[in-house]
Amino acid sequence: MTLPSKVLALVAILAATLIVKADTLDFTLTGGGNTFTFSLPSNPPPDSSTSGTSFTLDNILVTEGLISFSTDLTFSNLAKGGGLGFSVPAPPPLPGIDLNLSGPQIYGGLEASPMFSATPTPFILETPKGADDYSLAIADASVPEPASIGLLATGMLALLGTPRRKRLAR
């Protein structure tokens, strides 16, 4: 492989790493006869946050069965008891329901820059009052990070250059 083609290959690989989207996590909340699903980036920028307490992501698309709706998701840290809260709309004239689930803190870092990780998490329904237990499963959507792809490309190019150096040394 000639030097110009190696450089072109390196540029193509590095360009591909720039268009890879950030890691996305798929959330599945099950309990009370319902299964809610939504996807979030692993480190989302919050729309609002209260330092040391919680952060909110606005207008997140949530699906429950065949119904999809947008809602604000609020994630709390351990100082507030941990957990997750959001509103579930109901058809008029019925009022919507606010689900407030308490449990472990499901993010790391500060509320201004949280980071989720793929893990199953148990929750208890706080409001509306009930005996329903909820379980939140967070699954990695397996999109490689750009840095990982760049490191792989650099290693492959180094391997391609090694046989040429050996031939030139003879």
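The values are calculated or read from the model by the stated rules, or taken from the named source; none is laboratory data. None of these values were measured; they are calculated from a predicted model. Cβ coordinates were reconstructed from backbone atoms using ideal geometry, including for glycine residues, and neighbour counts include every protein chain displayed.
Here are a few things to note about the model shown:
- Enumerated strands (runs of 3 or more DSSP E) restricted to the range 38-93, each holding at least 3 residues that are within 20 Å of Ser135 (Cβ to Cβ) and under 15 Å from the mean Cα position of the chain (by Cα): 67-76
- Restricting attention to the range 54-78 and to residues that are surrounded by fewer than 15 Cβ atoms within 10 Å (Cβ to Cβ) and among the β-branched types (Val, Ile, Thr), the residue that is nearest to Ser113 (Cα to Cα) turns out to be Thr63.
- Enumeration of residues in the range 94-129 that are assigned to a loop (DSSP other than H, G, I, E, B), touching a residue at least 40 places away in the same chain (Cβ under 8 Å) and either more than 19 Å from Thr37 (Cα to Cα) or among the polar types (S, T, N, Q) (or both): Gly109, Leu110, Glu111, Ala112, Ser113, Pro114, Ser117
- In the range 149-157 there is no residue matching the filter, namely being buried (at least 16 other Cβ atoms within 10 Å of the Cβ), in contact with an Asp or Glu (Cβ under 9 Å, 6 or more places away or on another chain), under 27 Å from Asn43 (Cα atoms) and modelled with pLDDT of 70 or more.
- Taking the range 56-66 as the range and being farther than 18 Å from Thr24 by Cα and at pLDDT 90 or above as the test, only Glu64 passes.
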